[in-house]
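K.L.:
One structure follows; several queries about it will come next.
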Amino acid sequence: MKIKEVILRTHCMEDQKNFYHDVLGFPLLKSSLPGSIRISAGASVLTFLEGGEESYYHFAFTVPDNRFSQAKKWASAHVPLNEIENKDEIYFANWDAHACYFYDPAGNIVELIARHTLNNGTEHPFTSRDIVNISEIGMPVDNVKQAAEHLKKELNLNIYHNDSASFAPLGDADGLLILSDKKRNWLGSGKKANIYPAEIILEEGQTKTSLNGYPYTLMS
């Protein structure tokens, strides 16, 4: 599964624009939506719409599998990295992936993840233009199992490696919908997985679906 675009809300548009474009060096794209910014993230687009309330999300950028150390160093030169058990990175053995986390100005939990199963390495020093795509978007819910069954059926997705009553990753190494119980914290942060509006545009399929009672829309 490939995530083409995620559309999120933010209460600090100018700070977000400055952070992603001026500080981190992500290219900006033209936007037809008033009060929005569109950020090029490899094969994906990260879009922020002006929102009144303070909102935060979890999403992940994939980086080349042989450039995690460089990507981590690049990020830490611009923003403090969040710690997990006194470490500023984590290795997921079951996913064969390294990851680190940081906050953007809106408080989003941003993850850089190198998935070593993808064999997408590069031969040059890492920059923001080497971001591969947006490979994860978090979707907090009340009942993970129920939401997972709905999306599996509607979008023809499978669980990626493992799930539980409070966590279910749907998709594959290219793209994952991360269903999380809203009572748990997002990994790499001390923040609860709160529910905020999000639109997720997938690359394949013709389905448009939603989760009853939640402000999430998924389409292609």
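Every read-out reported here was derived from the displayed coordinates using simple, explicitly stated rules and does not represent laboratory data. Note that the structure is a prediction, hence the values are computed from the model and not measured. Cβ atoms come from the backbone with ideal geometry, glycine included; neighbour counts cover every protein chain shown.
K.L.:
What's the local net charge at Asn212, with K and R +1, D and E -1, over the other residues with C-beta under 12 Å away?
P.N.:
In short, -2.
K.L.:
For Thr207 and Ser220 in the same chain, what is the full-extension length gain: residue separation times 0.36 nm, less their Cα-Cα distance, in nm?
P.N.:
Extending this stretch completely gives an extra 4.0 nm.
K.L.:
Suppose every K and R has +1 on its Cβ and every D and E has -1 on its Cβ; what is the size of the dipole of the chain about the Cα centre, in Debye to the nearest 20?
P.N.:
180
K.L.:
Which of Leu112, Leu151, Leu29 ends up with the largest GNM mean-square fluctuation for the chain, with Cα atoms connected below 10 Å?
P.N.:
Leu29
K.L.:
Using a cut-off of 14 Å between beta-carbons, work out the net charge of the residues near Glu199 (Lys and Arg +1, Asp and Glu -1, Glu199 not included).
P.N.:
+3
K.L.:
With viscosity set to 0.692 mPa s at 37 °C, what whole-number translational diffusion coefficient in µm²/s follows for region 68-220 from Stokes-Einstein and a Kirkwood radius over Cα pairs?
P.N.:
Diffusion coefficient, whole number: 198 µm²/s.
K.L.:
Could you name the lysines whose alpha carbon sits less than 23 Å from that of Lys192, not counting residues in the same chain fewer than 8 places away?
P.N.:
Lys87, Lys145, Lys182, Lys183
K.L.:
Something else now. Which one of Val63, Ala93, Pro140 is farthest out on the positive end of the charge dipole of the chain, using unit charges on Cβ (Lys, Arg +1; Asp, Glu -1) and the Cα centre as origin?
P.N.:
Farthest along the dipole direction, towards plus: Pro140.
K.L.:
For region 1-140, I need the span (max minus min coordinate) of the C-alpha atoms along each principal axis, in Å, sorted largest to smallest.
P.N.:
So the extents along the principal axes, rounded to whole Å, are 41, 31, 29.
K.L.:
May I pose another question? Would you please name the GluC sites (Glu not before Pro) within region 16-112 that are DSSP coil residues with at most 10 other C-beta atoms within 10 Å of their C-beta?
P.N.:
In loop regions of region 16-112 (DSSP not H, G, I, E or B), the sparsely surrounded GluC sites (Glu not before Pro) are Glu53, Glu85.
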